[in-house]
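Since the structure comes first, as structure tokens, the remarks are kept for the end.
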Amino acid sequence: MLNTYPPRGIARIKDLEREYGLGRVQAWRLQRDDKDFPRRVPIIGKTFGWYRHELDFYFDLKREKAGEQT
């Protein structure tokens, strides 16, 4: 499936927790274990985030796959 989602900016870790329900450790595990999970992008110094449109695409794809399995 091709990601055609328009760019919406960068989500930081607190945004990830609030908007997607993922904690810091869960995000780290997904990044380590799931090749489809979006790669984080550096913002400044040790600060990083994820492109929101890539997160939207990832979670929509996961929901779609879960729907196919039921």
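Observations on the model:
- Residue-averaged 222 nm ellipticity for the chain, from DSSP H runs of 4+ at -39500 (n - 2.57), nearest 500: -16000 deg cm²/dmol
- Among the protein heavy atoms of the chain, carbon and sulfur supply 54% of the accessible surface, probe 1.4 Å, non-protein parts ignored.
- Rounded to the nearest 0.05, the FRET efficiency derived from the C-beta distance between residue 68 and residue 34 at R0 = 25 Å is 0.90.
- Surface per residue (accessible, 1.4 Å probe) for the chain, Å²: 74 Å²
- Here the contact order of the chain, divided by its residue count and restricted to Cα pairs under 8 Å and six or more residues apart, works out to 38 percent.
- Computed over the chain, Kirkwood Rh from alpha-carbon pairs, angstrom: 12.8 Å
- A Cβ-based charge dipole, computed about the Cα centre of the chain with Lys and Arg at +1 and Asp and Glu at -1, lands at about 400 debye.
- Furthest towards positive pole of dipole, 31, 42, 20, structure part the chain, Cβ charges: 42
The values are calculated or read from the model by the stated rules, or taken from the named source; none is laboratory data. Here the structure is a predicted model, which means the values were calculated and not measured. Here Cβ is always computed from backbone atoms with ideal geometry, including for glycine, and neighbour counts include all displayed protein chains. Remember, those area values only see protein heavy atoms, side chains included, never the ligands or the DNA or RNA. Shrake-Rupley method; radii C 1.70, N 1.55, O 1.52, S 1.80 Å.
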